[in-house]
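The values are calculated or read from the model by the stated rules, or taken from the named source; none is laboratory data. Remember, it's a predicted structure, so these values are computed and weren't measured experimentally. Neighbour counts are summed over all protein chains in view; Cβ atoms, including those assigned to glycine, are modelled from backbone coordinates with ideal geometry. Areas reflect the complete protein model, heavy atoms only, side chains present, ligands, DNA and RNA absent. Shrake-Rupley method; radii C 1.70, N 1.55, O 1.52, S 1.80 Å.
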Amino acid sequence: MHAPIRSLMRSAACVLLATLAFQPGPRAQSPTAPPSPSTPPAQAPASTHKYDLLLRGGHVIDPRNNLSAVRDVAIANGRVAAVAAKIAPADAFKVVDVSGLYVTPGLIDIHTHVYTGTGEPGSYAGDNSVYPDGFTFRVGVTTVADAGGAGWRNFDDFKTRVIDRSRTRVLAFLNIVGHGMRGNTFEQDLADMQAEPTAEMARKHPGVIIGIKTAHFTGPEWTPVEQAVKAGTLADIPVMVDFGSNKTERPLADLVTKKLRPGDIYTHVYSGLRDEQIDGRVNPALFEGRKRGVIFDVGHGGGSFLWRIAIPAMKEGFVPDSISTDLHIGSMNAGMKDQLNVMGKFLAMGMSLDDVIRRSTWNPAREIKQEQLGHLSVGALADIAVLRVERGRFGFVDMYGAKLLAPQRLACELTLRDGKIVYDLNGLARPEYQTLPKDYRATGDQRWESTRR
Ligand SMILES: [Zn+2]
């Protein structure tokens, strides 16, 4: 591979050179890898390559399509073009050997806080939130939903400030509080919880505002939940509830068996802060709510996941519908860390990898009614994560700093957004520098990568 050729490859006139520069993936030494082709596909012009990128030999987990097996995955024009036991490498412009790794739909984290940059201190519509791109691709996440940072009054600002400028796909649960998550002064103000303007804003942004959020409420009233459900009904989108302070006037049992609609989402389910567990057993109302179609989400966060709640619940069969982080500047540096760490916690509790992936891809996609996401069907957007299961001795920490040891954890090797590699931990798709000319310049090609240097 010659550096001058690489740099010329961005020019359409150089497609032939690009073809000549074809090289197989760098992991041909893997014991389970099929032999890589030793010769490039001769002088065929690039236009004969059916595929831009081929992920070869990985174990594909695609719960929507009931697939968990070794498969090749081919990508063309940003979409999944083929999934098959064997796809000819010669048909692809670029081949990456991912044998020994797991190929999954791009992870979907439906509880994050990414409305940052406003300069407001101590606020989830400000300094407590993070810019998504710094925290997503490195852990296989391609889609996040912000959980109520903005309300109808400041959603436009959130959109121009973060949503439109992120490479991560950013969706939003709109807060029922008009000012969003700007702290107690705003979030306890019943007068600013109005279904109509909230629903109106949601209807203006279909496919971006995908739900309504109520959170952090400390009063005895049902107003926040009732207004959120009303807004969700008007806009035909689900409601996500952080149930705030535990109040006898509005018990959890009534929330999940009476107030929420089927498809509404109860987050922070393993916090134990609101009678999720009674006398060491799962509150029977949660099973009843589940029967009605209420969704139960993890939302780990800085203060919403305890081993002494989660482990007994899992043993009783009360597993989460979706695995989410509640990512913010506090949780990411405390027990939560990131999406893969939270997924690792469920592996540690005995959930199968297939079930963990389902709850981080297809299930959340369905919960937020974005069924074009979260799977690898032919024709789907090629948002893809390539994960490694690492073996060793690892500690997983809960909200009170208690640790569970486990022999495995997940790591992200590659992330693709719209068919382009946007993260490559170990340079799986990259040439070894010794194989390049002394004065080599930028390697790669826009046909399969979208990394910024
Ligand atoms: Zn949250």
Legend entry - Whole-Å distance, taken between Cα centres, linking the stretch 280-357 and the stretch 368-415: 14
Legend entry - Calculated [θ] (222 nm, deg cm²/dmol) that DSSP helices of n ≥ 4 give over the chain, each run adding -39,500 (n - 2.57): -5000 deg cm²/dmol
Legend entry - Globularity ratio of the chain, using Cα Rg and 2.2 N^0.38 Å: 1.03
Legend entry - Sequence-separation-based contact order of the stretch 308-417, relative, with Cα cut under 8 Å and 6+ spacing, percent: 25
Legend entry - Relative contact order (percent, whole number), the chain, Cα cutoff 8 Å, 6+ residue spacing: 18
Legend entry - Projected label distance in nm at residue 372 and residue 433, using a 7 Å step from Cα toward the beta-carbon: 4.1
Inset, instruction - Would you please give the residues with an amide H less than 5 Å from that of residue 213, counting only those at least 5 places away or on a separate chain, with H modeled from the backbone geometry? - result: 174, 175, 176, 240
Inset, instruction - Could you run the Karplus curve 6.51 cos²θ - 1.76 cosθ + 1.60 with θ = phi - 60° over the stretch 200-210 and give me ³J(HN,Hα) per residue in whole Hz, x for Gly and Pro? - result: 4, 5, 4, 5, 6, 10, x, x, 10, 7, 10
Legend entry - Local net charge near residue 180, Cβ-Cβ under 11 Å (Lys/Arg +1, Asp/Glu -1): -2
Inset, instruction - Please label the shape of the stretch 362-453 as rounded, prolate or oblate, based on the square roots a ≥ b ≥ c of the eigenvalues of the alpha-carbon gyration tensor (a/c under 1.5 means rounded; beyond that, a/b larger than b/c means prolate, else oblate). - result: oblate
Legend entry - Built amide H within the under 5 Å cut-off of residue 110, gap 5+: 145, 325
Inset, instruction - Decide, for the stretch 290-332, between rounded, prolate and oblate: order the square roots of the alpha carbon gyration tensor eigenvalues as a ≥ b ≥ c, take rounded if a/c falls under 1.5, and otherwise choose prolate if a/b is larger than b/c, else oblate. - result: oblate
Inset, instruction - Run through the DSSP bridge list for the chain and note the antiparallel percent, rounded to the nearest 5. - result: 55
Legend entry - Relative contact order (%) - the stretch 144-207, alpha-carbon pairs under 8 angstrom, separation at least six: 36
Legend entry - Packing-based ranking, highest mean first, of 61-67, 125-131 given that Cβ atoms within 10 Å are counted: 125-131, 61-67
Inset, instruction - Give the long-range amide H neighbours of residue 67: residues separated by 5 or more places, or on another chain, with amide H under 5 Å away, using H modelled in the peptide plane at 1.01 Å from N. - result: 62
Legend entry - Area accessible to solvent at residue 190, 1.4 Å probe radius, in Å²: 60
Legend entry - Degrees between helix 223-235 axis and first principal axis of the chain (Cα, 0 to 90, nearest 10): 50
Legend entry - Prolate/oblate/rounded call for the stretch 196-313, Cα gyration tensor, a/c under 1.5 rounded: prolate
Legend entry - Mean accessible surface per residue for the stretch 131-173, computed with a 1.4 Å probe while every protein chain stays in place, in Å²: 33
Legend entry - Surface share of carbon and sulfur [accessible, 1.4 angstrom probe, percent] for the chain: 51
